[in-house]
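Structure, as structure tokens:
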Amino acid sequence: MNKQILALLMCTLLSNTLSAGTNNAHAVISDKKQHIYWQDSAIPKKKNTKDWDDAAIYCDTLVLNGIENWRLPTFTELLSIVDYRHFEPAINPVFEHTDEGTYWTATDFSATRSRAWTIDFRTGKTYYSYKTTNHAVRCVADFPAQTKETK
């Protein structure tokens with residue numbers, strides 16, 4: 001099976017497992033296949049770009065729609081929402097808010113811990129970047145996430 005057909009099949013399967021829920025203009029996407037929630041909030045670009053340490057802290061302290069325990073996504077998790085059928089942004093269309101730029105992952109670049117993997121949602125390409133560089137942030141939370149109401 002060629003790569004284009006496989007990518008299209010993967011995107012189709014993924015789009016069937018994602019669903020959006022909106023509350024107070026802050027969307028949370030449910031990914032039933034990976035058992036995670038995705039942040040899909042409209043954040044001004046200047047406030048959404050952080051170095052890797054600040055990105056991890058941002059996710060760790062985020063409370064969105066009552067959901068706590070957010071974190072940076074792994075490389076595999078973030079790559080799963082890339083949709084190569086789209087361009088600028090190359091992301092599954094269930095996501096409404098995407099800065100057309102590079103997003104952090106929690107996955108270190110194995111050659112050196114001073115870098116981490118990133119994904120550029122303009123094209124869907126993957127890179128690694130120094131952790132002191134500013135990039136956009138999209139957090140995830142594992143199912144079942146504790147909410148303030150359930151504590």
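Values computed for the structure shown
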item	result
Boolean, ASN134 is surrounded by fewer than 18 Cβ atoms within 10 Å (Cβ to Cβ) and among the polar types (S, T, N, Q)	yes
Region 105-122, residues that are out of contact with any Leu (no Cβ under 6 Å at 6 or more places or on another chain) and either within 22 Å of ALA42 (Cβ to Cβ) or exposed (fewer than 15 other Cβ atoms within 10 Å of the Cβ) (or both)	SER110, ALA111, THR112, ARG113, SER114, THR118, ASP120, PHE121, ARG122
Total residues in region 52-78, condition assigned to a helix (DSSP H, G or I) and under 16 Å from SER30 (Cα atoms)	2
Residues within region 31-51 that are in contact (Cβ under 8 Å) with a residue 40 or more places away in the chain and in a helix (DSSP H, G or I), tallied	2
Any hit, region 52-64, residues being in contact with a helix residue (DSSP H, G or I) (Cβ under 6 Å, 6 or more places away or on another chain) and not β-branched (Val, Ile, Thr)	no
Answer from ARG113, ARG85 - the residue that is in contact (Cβ under 8 Å) with a residue 40 or more places away in the chain and over 16 Å from the mean Cα position of the chain (by Cα)	ARG85
Complete set of residues in region 124-140 that are without any contact (Cβ under 8 Å) to a residue 24 or more places away in the chain and within 13 Å of ALA106 (Cα to Cα)	TYR128, TYR130
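Coordinate-derived values only; no laboratory data. Computed from a prediction, not measured in an experiment: that's the story for all the values here. Note that we place each Cβ from the backbone using ideal geometry, even for glycine, and neighbour counts take in every protein chain shown.
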